[in-house]
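One structure follows; several queries about it will come next.
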Amino acid sequence: MENIKALMEKHLDNLTKPRGSLGMLETYCVKMAEIQGQVPPKIDKKGIYVFAGDHGIADEGVSLYPREVTRQMVLNILAGGAGINALAGGTGWEIALVDAGVRGGDFPPDGEIRPVCRFLRERITGGSRNSYREAALTAGETGAALERGRALAKDAAEAGYGLTAVGDLGIGNTSTAAALLVAAGFSAGDVVDRGTGIDNAMLEHKRQIVEEAVRRRNPPRDGEAILRELGSADFAMMAGFILGLEGRGIACVLDGFPVSSAAYIAWLINPKVSDWLFAGHLSKVAGHKPLLERMGLEPVVNLEMRLGEGTGAVLGGHIVELGVLAARNMASFADAHVTDTGKDEKNF
C-alpha cells in the first residue's frame, strides 16, 4: 500500500496545480487509490444501500413517531418521494433499499408497488425484540443478518460499484445505536440524543431506558454479542456489509449516527474496516463526533444534517468522487506544456 500511496501522491503533484492545492480532495484520492490498488483510482458507478428495519425498544416511548412510520417511509422511498431519492438522484447514486426487518409483514410484489429503485427483500425478522425486556436477536438471527450483509457486499462488487454508501431507516434506531455504544464502553450522556426531536423530559426517559437495557443485557464487549443482545437485523446487516467489503477494492461512505454505530461494531470485529471507510458527514446528533474519532475517521462535510436515509453519505461521497475526477481528468504539467517549479506553492 505504501507504493500505491507514493505513486498517487506523485501523480497528484504532477497535475497542473500547486502541490497540495486541492487539500482534502487529494487526501481522499490517495485513500481511494490505496483501497482500489490503482493509480489513479476510478469510479464508474456508485451505489447506496439503505437498510430499513424496526426496533423493539421503540415500544418504550423513546421516539415521537409510531413504529408504522418505518414501513410508510420505505414505500415513500420506493415511490421516489424521500430525501434520499432527491439527493442521490442529483449526485448520480444508484439506490438499493434493503428490507432488513421492517415490521408489518411482507411488502407487495414489485409489479404492484413499481419501485423506482432496487428493492432487496432480505428480511430476517419483522423487527428486533425489545432489548429493554429481552435479547434483541437470537444467535441464529444475528449470524444470518451478518451473512446477508456480507452477501450484499458481493452484490456491490457484481454491480461494478467503485464507491458504495450505507444509509439507514427505522423508528427507534438512535436508541438502538446508543445502546450498542454504551455496551461497547461509551458514556450514555455522550451518545443519547434527541433523535426525532424529543423534549428534555423524553430525552431523560430515553437515556434511562438505554442505560437500563444495557445493564439488563450485560453483554461481553465483543461485536457479535452486543448486536445479539441490543442490536437489530438491520444494524447487523450494515455491519456485515462493511465487513464484507474487505479485499474487494470498494470504498464505503458512512451516513450519520446509527450507520456509524453499526460501523463501530464492525470495527470491533475487525479494526481494519477504517481502511476502506469514509465518514460522509458529521451529523447534528450528539455522539457522532467521538464515535468517528474512535475509528480514526474525519467527516467530509458538516452541514448540521440529521435526516438519515443515507443523505449525508451521498453528499460526502460525491465530494470524494469529485476528487477522483480531478485526479483523472486534470492535465499533467508535461501534457499541458506548463512549467513546473517543483515547489509547494499556494498559487501559481
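The values are calculated or read from the model by the stated rules, or taken from the named source; none is laboratory data. Worth saying up front: this structure is predicted, and the values here are computed from it rather than measured. All Cβ positions, glycine included, derive from the backbone under ideal geometry; neighbour counts span all protein chains shown.
Could you tell me whether any residue of the stretch 17-40 is of a type in the set (G, A, S), closer than 24 Å to L152 by Cβ and in contact with a strand residue (DSSP E or B) (Cβ under 9 Å, 6 or more places away or on another chain)?
Our first condition is that a residue be of a type in the set (G, A, S); within the stretch 17-40, this holds for 20-21, 23, 33, 37.
With the extra rule that they be closer than 24 Å to L152 by Cβ, the set shrinks to 37.
Still in the list and also in contact with a strand residue (DSSP E or B) (Cβ under 9 Å, 6 or more places away or on another chain): none.
No, the stretch 17-40 contains no residue that is of a type in the set (G, A, S), closer than 24 Å to L152 by Cβ and in contact with a strand residue (DSSP E or B) (Cβ under 9 Å, 6 or more places away or on another chain).
Moving on. Kindly establish whether G240 is crowded, with 24+ Cβ neighbours inside 10 Å, in contact with a Lys or Arg (Cβ under 6 Å, 6 or more places away or on another chain) and small (G, A, S). Walk me through how you get there before you give the answer.
On the way: crowded, with 24+ Cβ neighbours inside 10 Å: yes; in contact with a Lys or Arg (Cβ under 6 Å, 6 or more places away or on another chain): yes; small (G, A, S): yes.
Here the answer is yes, as G240 does meet what is asked.
May I ask you to list the residues in the stretch 287-309 that are surrounded by 16 or more Cβ atoms within 10 Å (Cβ to Cβ) and in a loop (DSSP other than H, G, I, E, B)? Steps first, answer last, please.
If we filter the stretch 287-309 for residues that are surrounded by 16 or more Cβ atoms within 10 Å (Cβ to Cβ), which is where we start, we get 287-289, 291-292, 294-295, 297, 299-300, 305-309.
Hits for the stretch 287-309 are G287, M295, L297, M305, R306, L307, G308, E309.
Taking E134 and the conditions (1) part of a helix (DSSP H, G or I); (2) over 25 Å from G312 (Cα atoms); (3) of a type in the set (D, E, K, R), which numbered condition does it fall short on, given that it satisfies the others?
Unmet for E134, out of (1) part of a helix (DSSP H, G or I); (2) over 25 Å from G312 (Cα atoms); (3) of a type in the set (D, E, K, R): (1).
Does at least one position in the stretch 149-158 carry a residue that is in contact with a helix residue (DSSP H, G or I) (Cβ under 7 Å, 6 or more places away or on another chain), within 25 Å of W276 (Cα to Cα) and basic (K, R)?
Yes, there is a match, as at least one residue in the stretch 149-158 is in contact with a helix residue (DSSP H, G or I) (Cβ under 7 Å, 6 or more places away or on another chain), within 25 Å of W276 (Cα to Cα) and basic (K, R).
Follow-up question, since we're still on this one. Quick check on my filter: what residues within the stretch 62-103 are buried (at least 19 other Cβ atoms within 10 Å of the Cβ), of a type in the set (G, A, S) and over 20 Å from K45 (Cα atoms)?
Passing the criteria: S63, A82, A100, G101.
Of all residues in the stretch 14-53 being in contact with a helix residue (DSSP H, G or I) (Cβ under 9 Å, 6 or more places away or on another chain) and acidic (D, E), which is farthest from S332 (Cα to Cα)?
Only one residue tops the list, namely E34.
Report, by residue number, each residue of the stretch 264-286 that is under 20 Å from A178 (Cβ atoms), free of Cβ contacts under 8 Å to residues at least 60 places away in the same chain and surrounded by 24 or more Cβ atoms within 10 Å (Cβ to Cβ).
Hits for the stretch 264-286 are A266, W267, A279, H281, S283.
Only one residue in S283, S261, S274 is part of a loop (DSSP other than H, G, I, E, B), at negative phi and either modelled with pLDDT under 95 or under 15 Å from the mean Cα position of the chain (by Cα) (or both). Which one? Talk me through it step by step, then tell me what you get.
Working: S261 fails: part of a loop (DSSP other than H, G, I, E, B); S274 fails: part of a loop (DSSP other than H, G, I, E, B).
Within the list S283, S261, S274, the selection yields S283.
I would also like to ask the following. For the stretch 152-172, check the following and say yes or no: at least one residue is among the aromatic types (F, W, Y) and either under 24 Å from I77 (Cα atoms) or under 15 Å from the mean Cα position of the chain (by Cα) (or both). Step through it out loud before you land on a result.
Going through the stretch 152-172, the residues among the aromatic types (F, W, Y) turn out to be 161.
Those left that are additionally either under 24 Å from I77 (Cα atoms) or under 15 Å from the mean Cα position of the chain (by Cα) (or both): 161.
Taking every residue of the stretch 152-172 in turn, at least one turns out to be among the aromatic types (F, W, Y) and either under 24 Å from I77 (Cα atoms) or under 15 Å from the mean Cα position of the chain (by Cα) (or both).
Just give me the residues in the stretch 193-235 being under 25 Å from L146 (Cα atoms) and part of a loop (DSSP other than H, G, I, E, B), in sequence order.
Hits for the stretch 193-235 are N218, P219, P220, R221, D222, G231, S232.
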